[in-house]
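Presented below is the structure to which this report refers.
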Amino acid sequence: MLPRLDFRALRAEDEKGAWQQIRQNSPDLILLDWMLPGTSGLLLARQFRSEASTSDIPIIMLTARRRRARQIAGV
């Protein structure tokens, strides 16, 4: 679906790969899974926000967490 809408999706398996993709491609949007191998997607999102080069990129967090309060609180 995304290619038909002229979007190109890039994929990273972990934090290191995500940073590499972002530095090489300057994305317009980040879809970020909450539960990543080796780190939390929430921590990675905070890192993106703290870096000048990524602080303005919109982030959509994906999660399998069921408790709404935990989703909102980010825990």
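The values are calculated or read from the model by the stated rules, or taken from the named source; none is laboratory data. Predicted, not measured: the structure shown is a model, and the values here were computed from it. In this analysis, Cβ positions are derived from the backbone assuming ideal geometry, glycine residues included, and neighbour counts consider all displayed protein chains. Protein only, heavy atoms only, side chains kept; ligands, DNA and RNA dropped before computing areas. Shrake-Rupley method; radii C 1.70, N 1.55, O 1.52, S 1.80 Å.
Among 47-56, 27-36, the peptide with the highest mean count of other Cβ atoms within 10 Å heads the list, and the full ranking is 27-36, 47-56.
Computed over protein heavy atoms with a 1.4 Å probe, the carbon and sulfur contribution to the accessible area of the range 1-48 reaches 53%.
Take the range 1-53 with all the other protein chains still there, run a 1.4 Å probe, and you get 79 Å² of accessible area per residue.
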